[in-house]
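To start, I am sharing the structure in question, which I have written as structure tokens.
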There are 2 protein chains.
Amino acid sequence: MSDPVDDSGWATPPLRFDSDKPVEPDLLARILGAATLAPSPYNLQPWRFVVVRDAANPRRLQACAWNQPMVGQAPVVVIVLGYLAPDQTHLDAMLDRRLELGACTPGRAAEIRGRAVAAVGRAPDRALWATRSAMLAAASLMRAAGATGVSSALLDEFDADALSETFGVPDDHAICCLIALGWTHQSEPFPGRFGLDEVCYAEHFGQPWTG
Amino acid sequence: MSDPVDDSGWATPPLRFDSDKPVEPDLLARILGAATLAPSPYNLQPWRFVVVRDAANPRRLQACAWNQPMVGQAPVVVIVLGYLAPDQTHLDAMLDRRLELGACTPGRAAEIRGRAVAAVGRAPDRALWATRSAMLAAASLMRAAGATGVSSALLDEFDADALSETFGVPDDHAICCLIALGWTHQSEPFPGRFGLDEVCYAEHFGQPWTG
């Protein structure tokens, strides 16, 4: 337990990516595959990933992200999207797969269908609903990258309208974050974290956490 | 690489918690500590956790969560909040800690302060902004639980107004999800996931991913 950052599986952000060293396609596919293993309500998997690595695109992407240098340097940038309507388009495909795997009975599939339609239907804010799951996938992606030695930086400053326009993101997808991926030799030093006494409450908001 | 779920560090949800077996306080503190190690913009750490485990509270919580049985069974439920205004209240404390750790110079701290205030100030939706980081922390919490053998279930169906009223959550905090924690003997079978060809695009939304 000497290094809390290493123990947690999170790495601190890189100081600078090596622009000339690509992330191998097989490795990238493994990292993206790990992202898809995050849990989501009714297994609706409302995450989508636009993977940007063509030489022409980093500059276009950087222009949509207030010119943050990291975006232009990284050999791969993943635009993480939350899809707002998987209950309308992907419920059958998801349940078919579950049945094929023998992971539920037809009766249970029918029950899941009914509950999923009702539950997602009453979500008050679809962008928030989809963003929650997409960020679990983003966490999974970053940790899988770290586990394979690939550095990642999460960037949440971007011009959503410009990104949508440039990369064709439709209105029923929320842009959640950009994740820059690549190789690096040096990372930021760990900046510390607030203690549990500052971020945890016992039983009721505002009531001190005493362990 | 035989079991993609185990490889990813995610566990499938438990079928039923053992209500009578508590999560030891030291173990719970380790799991919460791991949650706080997630990254966040400018290290502002906009996550807060209300930890519910008093015998009287699970039923009150369940009533705010459409009576989902899991909420009443679990010995611990964490209400994960996103805090909307850490740039206004916690920027100094965060930078002081960073300086104490020797993780930046006073000049760099001043630069971070300026950029953080500008960046968070132009976030178009503070609830979305805070929710993104809080869900990275939620992911970290769930995976730390799994690594110590504790089962977790993420519940995103709740009546936010009822939760706020019952647990005193103020308006400047978004309720992101509930995480039920406890011991269990049996988990759901893995329900499958969509392949990368279904959730990834190459360079532009809608353009097929070919690896």
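Report yes if A:M70 is hydrophobic (A, V, I, L, M, F, W, C), assigned to a helix (DSSP H, G or I) and open to solvent by 20 Å² or more (accessible area, probe 1.4 Å), otherwise no.
yes
Just checking, does the range B:185-205 include any residue being touching a residue at least 60 places away in the same chain (Cβ under 8 Å), more than 7 Å from chain A (Cβ to nearest Cβ), within 30 Å of A:C104 (Cβ to Cβ) and among the aromatic types (F, W, Y)?
Looking through the range B:185-205, none of the residues is touching a residue at least 60 places away in the same chain (Cβ under 8 Å), more than 7 Å from chain A (Cβ to nearest Cβ), within 30 Å of A:C104 (Cβ to Cβ) and among the aromatic types (F, W, Y).
Go through the range A:113-132 and count every residue that is aromatic (F, W, Y) and farther than 17 Å from B:R132 by Cα.
The number of residues fulfilling the criteria is 0.
Continuing with the same structure: Which numbered condition in (1) touching a helix residue (DSSP H, G or I) at 6+ places or on another chain (Cβ under 8 Å); (2) touching a residue at least 60 places away in the same chain (Cβ under 8 Å); (3) hydroxyl-bearing (S, T, Y) is the only one that A:T131 fails?
Checking A:T131 against (1) touching a helix residue (DSSP H, G or I) at 6+ places or on another chain (Cβ under 8 Å); (2) touching a residue at least 60 places away in the same chain (Cβ under 8 Å); (3) hydroxyl-bearing (S, T, Y), the one that fails is (2).
Name the single residue, out of those in the range A:9-35 being in contact with a helix residue (DSSP H, G or I) (Cβ under 6 Å, 6 or more places away or on another chain) and over 20 Å from A:Q186 (Cβ atoms), that is farthest from the other protein chains (Cβ to nearest Cβ).
Across the range A:9-35, the extreme among qualifying residues is A:I31.
Continuing with the same structure: Sort out which residues of the range A:146-169 are without any contact (Cβ under 8 Å) to a residue 40 or more places away in the chain, more than 17 Å from the chain's Cα centre (by Cα) and surrounded by 16 or more Cβ atoms within 10 Å (Cβ to Cβ), and write them in order of number.
Passing the criteria: only A:S164.
Let me spell it out: the conditions are (1) closer than 22 Å to A:T131 by Cβ; (2) out of contact with any Leu (no Cβ under 7 Å at 6 or more places or on another chain); (3) open to solvent by less than 20 Å² (accessible area, probe 1.4 Å), and B:I179 meets all of them except one. Which number is the exception?
Evaluating B:I179 over (1) closer than 22 Å to A:T131 by Cβ; (2) out of contact with any Leu (no Cβ under 7 Å at 6 or more places or on another chain); (3) open to solvent by less than 20 Å² (accessible area, probe 1.4 Å) leaves (2) as the failure.
Now for a different question. Please state which of the following conditions B:L154 fails to meet, knowing it meets all the rest: (1) assigned to a loop (DSSP other than H, G, I, E, B); (2) closer than 22 Å to A:F205 by Cβ.
(1)
Mind checking whether some residue in the range B:126-143 is more than 9 Å from every other protein chain (Cβ to nearest Cβ) and at pLDDT below 95?
Scanning the range B:126-143 turns up no residue that is more than 9 Å from every other protein chain (Cβ to nearest Cβ) and at pLDDT below 95.
Kindly establish whether A:R113 is more than 9 Å from chain B (Cβ to nearest Cβ), under 30 Å from A:W10 (Cβ atoms), modelled with pLDDT of 95 or more and crowded, with 16+ Cβ neighbours inside 10 Å.
no
Also, I was wondering about something else. For a quick check of your reading of the model, give me the residue pairs whose first member lies in the range A:31-60 and is open to solvent by less than 10 Å² (accessible area, probe 1.4 Å) and hydrophobic (A, V, I, L, M, F, W, C), whose second is part of a helix (DSSP H, G or I) and modelled with pLDDT under 95, with beta-carbon atoms closer than 6 Å and at least 6 apart or on different chains.
Within 6 Å, the pairs are A:I31/A:A144; A:I31/A:A145; A:V52/A:L61.
The values are calculated or read from the model by the stated rules, or taken from the named source; none is laboratory data. Since we're looking at a predicted model, the values are computed, not measured. Ideal geometry is used to build each Cβ from the backbone, glycine not excepted, and the neighbour counts take in all protein chains shown. Side chains included, ligands, DNA and RNA excluded: accessible areas come from the protein's heavy atoms. Shrake-Rupley method; radii C 1.70, N 1.55, O 1.52, S 1.80 Å.
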